[in-house]
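The next block holds one structure in the form of structure tokens; read it before the comments.
Computed from the coordinates by the stated procedures, all read-outs in this text should not be read as laboratory data. The structure presented is a predicted model; accordingly, all values stated were derived computationally and were not measured. No Cβ is skipped: glycine too gets one built from the backbone with ideal geometry, and neighbour counts run over all protein chains shown.
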Ligand SMILES: Nc1ncnc2c1ncn2[C@@H]1O[C@H](COP(=O)(O)OP(=O)(O)O)[C@@H](O)[C@H]1O
Ligand SMILES: [Mg+2]
């Protein structure tokens, strides 16, 4: 199949996925409630934690982490929508069309980008009056990393939906079991440096930790640190691995 | 004659399950020609959906071959997909999507450009009386509206061959009649080939020109509804005698009629099947009179497809009907061929 048809199919799937959000953009605010609650409740608490590095303000440290958390939570759940479509029959309907199978995963995963971008921008803008310093170029690079992470996690979530074959509870069990440790052990809420040795070791091997670290540097306008490079590679790795697993699973999923 | 639009040879599918392998479809060999309206009729679990899912490339067969619309289902799945429409057992529209959006998306999925897709969508909304619902979320449609939308989705790219899996299941009688009106008008206007599945006897009987009876994964009969009834069931004669003793004697007399079979007595009622009921009944009544066993009531009933199914499997297809004690699960090993009249 030609690359052009694949690109075209991906666009069709992507557009289909975006339509409900475009018709009802307010729905995006519901997924933002959680990160905003975390921001307003945790922010004041951690301001006094000595290990939190807050040269400018605590927000410079906290907001990037919360953005990563938003991505982890929302995109890891996105497969559930597909699971529902598998149960009602619309997934099957799409699988009988001549569209390429990979396009169905890539298109769906890319559809994560636009809403995430919008949500992250809103959170950043809201935090500026509270003392969050905006470094536009760095912030933009940070948003790109967030989107890469979102695409990868979204694809993995779709792959999970395909393999659980309609069993919702397996989907949720796996999703929670993976996402909570990834989140907590990435130091988004508190610096892991304050934790026991095993926790620091776990955080080191957690790729999300490195993405969070890179985000913090980028949102403070620092590009030079090697941590930025490592975090970027981790985000790229998520996207590549997620899409690869997702497309392999859907090609075999029909049976 | 043009080559068949569907041709299968030994198509089979076995599922693995915890309880062991499930042979959902066994050795399906058949042909469907352009313009036919064929119904797979069989109880739940007979293998109807599995057959359709193989023919529409959703499932790979365990063994066997099939050509659909000129393309091999294994080697050219995309070719098959481009040439067929498929309306599955579920609802095709995404719940959170708008009705018209989904039709347009469907057209785009088949390679139509935006303008054409919108034109087709609007035309189909009109035909299926969904114009008012065009901007609503699919979730808010009634069962009948959802089903009409499903068929509209299957028609966006004007396929020459349409598969419908239980199109009318779950609908109230009115919506069912309405859906059928649409399907028949469509067929009249386009001459498309339609293959559908149903477990409603009346539907297969009144709508399909050809019925393929399936049970336990096997095709056990294939022919016109009339042909199947004539060949496999026969007319049912029911006589009410004065007493049970007389009923027994009347049954013995009935057994003497040439071609009579399945003679049963239940209280004062005698039932038997014959080939030409309206001719045989008067003869039978005269014979009973002559023996001093006058009938109190008499009736001839033309057979239904349920009688056909009963004759083939020993079980009834009616929902909730008691299954025969000695439910012979394996029908005749080769499908009964009935000449298309
Ligand atoms: N994905 C599957 N996994 C395991 N068994 C299946 C699967 N799909 C269908 N079956 C089994 O195959 C048989 C035929 O099913 P199906 O084709 O859906 O029947 P019908 O459509 O006639 O009701 C049933 O026994 C069913 O339980
Ligand atoms: Mg079925």
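Quick notes on this one:
- Residue exposure sequence - B:14, B:198, B:243 - by fewest surrounding Cβ within 10 Å: B:243, B:14, B:198
- Compared with the dominant principal axis of the Cα atoms in chain A, helix A:207-219 is inclined by about 60°.
- Rounded to 10°, Cα long-axis angle of helix B:99-109 versus longest principal axis of chain B: 80 degrees
- Degrees between helix B:244-255 axis and first principal axis of chain B (Cα, 0 to 90, nearest 10): 70 degrees
- Relative contact order for the stretch B:122-209, counting Cα pairs under 8 Å that sit 6 or more residues apart, in percent: 30 percent
- Relative contact order [Cα under 8 Å, 6+ residues apart], chain B, whole percent: 17 percent
- Shielding score for A:20-29, defined as the mean number of other chain Cβ atoms within 10 Å: 2
- Global form of chain A, assessed from the alpha-carbon gyration tensor, a/c cut-off 1.5: prolate
- Comparing B:107, B:45, B:92 in a Gaussian network model of chain B (Cα springs below 10 Å), the most mobile by mean-square fluctuation is B:45.
- Taken as Cα centroids, the stretch A:91-107 and the stretch B:190-263 sit 44 Å apart, rounded to the nearest whole angstrom.
- The average projected area of the stretch B:4-229, computed from the convex hull of its Cα atoms over all directions, is 12.5 nm².
- Take every pair of alpha-carbon atoms less than 8 Å apart whose residues are at least six positions apart; their mean separation over the length of chain A yields a relative contact order of 27 percent.
- For the stretch A:37-155, the square roots of the Cα gyration tensor eigenvalues, ordered a ≥ b ≥ c, give a/c of at least 1.5 with a/b greater than b/c, which places it in the prolate category.
- The fewest-to-most ranking of B:307, B:172 by surrounding Cβ atoms within 10 Å reads B:172, B:307.
- Listing B:118, A:204 from fewest to most neighbouring C-beta atoms within 10 Å gives A:204, B:118.
- Mean per-residue shielding of peptide A:82-91 is 5, counting Cβ atoms of other chains within 10 Å of each Cβ.
- Between the stretch A:195-220 and the stretch A:20-35, the Cα center-to-center distance that results, in Å: 29 Å
- Overall form of the protein assembly as shown per C-alpha gyration tensor (a/c, 1.5; a/b vs b/c): prolate
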